[in-house]
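> Next up is a structure, given as structure tokens.
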Amino acid sequence: MEMNYTLITGASSGIGHSLALKFAERGKNLIIVARTEKKLLKLKEEVHVINPKLDVRVIAIDLSLVSNAYKLFNKVEKYNIETLINNAGFGDFSKISNQNLSKVEQMISLNVTSLVILSTLYVNKYQNIKGTQLINVSSTGGYSIVNQAVTYCSTKFFVSAFTEGLSQELLIEEKPLQVKVLAPNATSTEFARVAKGVEVFEYSGNYHTAEEMATFVLKLYESSKCVGRVNLDTFEFELLNPIFPFRCQGSTEGNS
Ligand code: NAP
């Protein structure tokens, strides 16, 4: 029997790391991707403590280099990817007038361009295969703008709109591939430390743990809803229909 894999980008820490462990608990073979190979190899050991029979492939690659998104897909061409989770991403907390354009370029390349390339190649290959799923990680900042994080939020607005739109395209065409968007709010990971460019960051106030977020992702994975989002008023995780429904259903020709 052909083996199926769950491919998770950004698996070396935070939400992606917890997701890998959750999918391992469900008996899923894994392809884990990030830049830091040492952390991925440690995660592979952790997965094998949960289930030594699982096949875990480690790919260390920098997805802020757009050409590497194509390289990654070529590398995994021989595997059957049941689920792709585009989770790798980072933020930048600064005013637009002060932002570091080199960091911003990398952020847009990773959060937006590589995600679009991987999603497109995945849809192209798997859209007619039952049981397949694509989950793209956005943010509550992909539905509301946060002061001093405008460019980061804009990348996540892109992820939300692109993923919701793709999900609706496939629904209209009655394709079996399910496409979903995850919108976490503050989650205690390396995210804030990287976004602020500081050595240490202590989370306080309302936040979820990466483990809690991974549990939410499993709820989204099991549901037929398109959006899994943290409600900013209640802090509960909600499963929703598209927040950006198509303005025109079916063919859009002549409807601009
Ligand atoms: P994290 O702990 O910093 O994890 C980010 C992951 O992405 C790491 O595995 C990192 O690994 C990988 N990554 C970063 N740059 C990469 C690159 N150039 N190429 C390949 N992989 C790269 O943060 P997290 O919170 O788990 O973030 C996961 C996702 O959740 C992101 O898309 C983030 O925007 C989103 N999110 C987070 C929060 C939050 O509060 N934590 C809220 C909303 C949305 P390497 O450094 O080893 O490459």
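> Taking the DSSP beta bridges in the chain as the whole, what percent of them are antiparallel, to the nearest 5? Walk me through the intermediate numbers first.
Working: 4 of 33 bridges.
Here the share of antiparallel DSSP bridges comes out near 10 percent.
> Next question. Carbon and sulfur: what percent of region 102-154's accessible surface (1.4 Å probe)? Show your work: numbers first, answer last.
Numbers: 1140 of 2100 Å².
Carbon with sulfur: 54 percent of the solvent-accessible area.
> Can you list, largest first and rounded to whole Å, the semi-axes you get for region 140-256 by taking the square root of 5 times each eigenvalue of its Cα gyration tensor? Spell out each step's value before the answer.
Numbers: eigenvalues 175, 60, 25 Å².
After diagonalising the Cα gyration tensor, the semi-axes are 30, 17, 11 Å.
> Another question about this same structure. Calculate the radius of gyration of the Cα atoms of the chain to one decimal place, then report Dmax, the largest Cα-Cα distance, as a whole number, both in Å.
When restricted to the Cα atoms of the chain, Rg and Dmax are 17.6, 57 Å.
> Under a 1.4 Å probe, what is the accessible area of region 84-228 per residue, stated in Å²? Numbers along the way, then the final one.
On the way: 6460 Å² over 145 residues.
Accessible area per residue, region 84-228: 45 Å².
> Find the lysine pairs in region 111-256 meeting two conditions, Cα atoms under 29 Å apart and a separation of 8 or more places or different chains, and report how many there are.
So the count works out to 20.
> Using only the alpha-carbon atoms of region 53-140, report the extent along each of the three principal axes, biggest first, to the nearest angstrom.
Cα extents, longest axis first: 47, 26, 26 Å.
> Which distance in Å, rounded to a whole number, links the C-alpha centroids of region 170-192 and region 90-107?
Centre-to-centre distance over Cα atoms comes out at 23 Å.
> At a Förster distance of 30 Å, what's the computed FRET efficiency of GLN148 paired with THR209, Cβ-Cβ distance as r, to 0.05?
Numbers: r = 25 Å, r/R0 = 0.82.
In this case the efficiency is close to 0.75.
> How are the C-alpha pair distances of region 74-194 spread across 5 Å bins, as whole percents from the shortest bin up?
Values per bin, smallest distances first: 2, 11, 20, 22, 17, 13, 8, 5, 2, 0.
The values are calculated or read from the model by the stated rules, or taken from the named source; none is laboratory data. If you're wondering where the values come from, they're calculated on a predicted model, not measured in any experiment. Positions of Cβ are backbone-derived with ideal geometry, glycine not excepted, and every protein chain shown enters the neighbour counts. With ligands, DNA and RNA removed, areas are computed over all heavy atoms of the protein, side chains included. Shrake-Rupley method; radii C 1.70, N 1.55, O 1.52, S 1.80 Å.
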